[in-house]
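Here is the structure we will look at, set down as structure tokens.
Rule-based calculations on the coordinates, nothing more; no lab input. The model shown is predicted, which means the values in this text are computed figures rather than measured ones. All Cβ positions, even for glycine, are placed from backbone atoms using ideal geometry, and neighbour counts span all protein chains on display.
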Amino acid sequence: MKKTAAILLSLLWATSLCAQTAYSTLGAEHEVRVNSNGSIGINLQSLAPASFYNKDSTKPLLAQAGLWLVAEDENGQYHTAVQYLSGKDSFDFWPGPIDTLTGQTGDISAWDATWYVSNDIITTHKQNFEKPGYNIPDEIANWPAQGNGGFANYLAPFVDVNFNKMYDPENGDYPAIKGAESVYCIFNDLADEHTASFGQEIGIEIQLMVYKHAGASTLFLEYFIINRRPTAYKNIQVGFFISGGCGNPDDNFAGTLQTFPQSIFILNGLDTDQGYFGNKTPYVVATFLNENLTNSIAFTDTELKNGQPKINSNYINYGLNTWKDGTNLTWGGDGTEGDTESDFIFAQSNLTEGIFWSEDDENNTPGRRTIIGKNTRKNFNQNNFIKLDIALDVGLLNDRKKYLDSITLKSARNLSYYNTTSGIPTADINNNFRVYPNPTSGPLYTHSDQVIEKIIITDSQGVKVYSSENIKNTRWQCNVSLLPGIYTIQLITKSNVQSKKLCITP
């Protein structure tokens, strides 16, 4: 009965695509559509690009972009959740959260929404909410701050002005966005059978905020990926893909910056982009901001082993950074016939001969390209979350030969800006302290190999919510009351500063 109901809801949503699908657009120099199921830069009705340079629909940049997730359970079975669309009405994700008690998903049509909010709207609200006759804007009144029933109590971040743990904008509360304007959506991979990757569902709820700063072309994507099922996964490949795009989609190249600033990119593969950008060279780049880029792989639209995925094993293998047939990515050429295995395709961070690998130097034939960058995580258990931050940016060059300098500089600036403005320290993979229990709804404890001097806890907006100094002990207990959400706990000793993610549950 559950599956029948889910299929009916999904069919109703698919039918609604023929009329209208909820989405918002963000950006000017790079205008991008954000759909209610989290897919980026694509028109779900026609599968046409919805990512344009200077809002000009004759100059597309992305064909599509989004998540590519592959998780292995304790029995060695792989589960997939992929936003890459190769056909109409073929989805792995649907709008809405997951009930934390029953595992049921929200009504797709009811959650078929994206929420756009700007700082200007928030400022007006803060200045006027107490004035007689003031009408709260829909953007603030309809913010999906809190769930009801079995949904998580807190679904979207908000500023609780009166500290009553309720979202009541009539008393001054407002959305806690990042940047000058943002788009928010909530989606899951449980509402129906997966018809994009044709695999078993993972059981995840994803909360996505896409935001930009004033006057910038960069779009920042902040994903919170939450395991809402009792299934424990030994490891999960957390991937983000971009698909060109870049004017004429049939003449592209792909590349990777495998070291700082770790990025994947697509650019026009010819000096002239016939019918679109002319003698200028467009590119799109996605930079991994808070997690390391573990590996990357790219595919074409052919039927070859490095071509478009058709069956579930193809999606799994690309997630595991192998070709469709399971053979290894190798160095040189198009990555299919070399003798030396490689973790990254078209790796271009190091210009040294024998280490630098570009499609230009290999004389590859330009064509359609999709490139996936991935971070590998272990032990993704029930109620665990993964935070993934991506900077998505574009450029237009007069001299195609300078593409690598431009992409590297832009990616480095975006990473530096993110580190400066996020206020959230990057977790140290070599940290030697424990935080337990995590997640928690009560007291929490830390245990370090070194004497703790100071503890700082910041929320997902980078705001300091707790600090304690002069601890002078290797153990520490915190009884502070925190709202449910995702935090960073920073431990300071005399020799270093380390940090971990912390999840507070209702």
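Remarks
- Near residue 116, the amide H atoms lying under 5 Å from its own belong to 184; only residues 5 or more places off or on other chains count, and H is placed 1.01 Å from N.
- For the range 302-429, the square roots a ≥ b ≥ c of the C-alpha gyration tensor eigenvalues yield an a/c of 1.5 or more together with a/b not exceeding b/c, which makes the shape oblate.
- Options 376, 198, 136, ranked by Cα towards positive dipole end of the chain, top entry (Cβ charges): 136
- Cross-link pairs 55/410; 88/305; 324/378; 126/500; 165/500 - those with Cα-Cα distance over 30 Å: 126/500
- Relative contact order %, the range 115-173, counting alpha carbon pairs below 8 Å whose residues are six or more apart: 31 percent
- Residue among 227, 255, 96 farthest towards the positive dipole end of the chain, charges placed on Cβ: 227
- Each Lys and Arg adds +1 at its Cβ and each Asp and Glu adds -1 at its Cβ; summed about the Cα centre, the chain shows a dipole of about 1200 debye.
- Simple Cβ-charge dipole of the range 433-504, Lys/Arg +1 and Asp/Glu -1, about Cα centre, in debye nearest 20: 100 debye
- GluC sites (Glu not before Pro) lying in DSSP loop within the range 64-136, provided at most 13 other Cβ fall within 10 Å: 74, 130
- Rg and Dmax of the range 433-504, both derived from C-alpha coordinates alone, stand at 11.2, 31 Å.
- Cα lying deepest toward the dipole's positive end in the range 433-504, options 470, 433, 503, charges on Cβ: 433
- DSSP loop chymotrypsin sites (Phe, Trp or Tyr not before Pro) with at most 15 other Cβ within 10 Å excluded, longest remaining stretch of the chain: 164-355
- Set of aspartates and glutamates with alpha-carbon distance to residue 374 below 16 Å, sequence-local pairs under 8 removed: 72, 222, 291, 343, 389
- Straight-distance candidates among the lysines for linking to residue 494, with alpha-carbon spacing under 19 Å and chain neighbours fewer than 8 residues away dropped: 454, 472.
- Put simply, the amide H of residue 66, placed in the peptide plane, has neighbours under 5 Å in 241, leaving out anything fewer than 5 places away on its chain.
- Around residue 389: net Lys/Arg minus Asp/Glu count, Cβ-Cβ under 13 Å: +1
- Working note: Debye formula, equal point scatterers on the alpha-carbon atoms of the chain, no solvent; log10 I(q)/I(0) at q = 0.09, 0.11, 0.13 Å⁻¹ is -0.63, -0.96, -1.33.
- Computed lengthening from residue 260 to residue 135, 0.36 nm per intervening residue step minus Cα-Cα distance: 40.2 nm
- Neighbour count of at most 12 Cβ within 10 Å plus DSSP loop: longest trypsin sites (Lys or Arg not before Pro)-free window in the chain: 56-309
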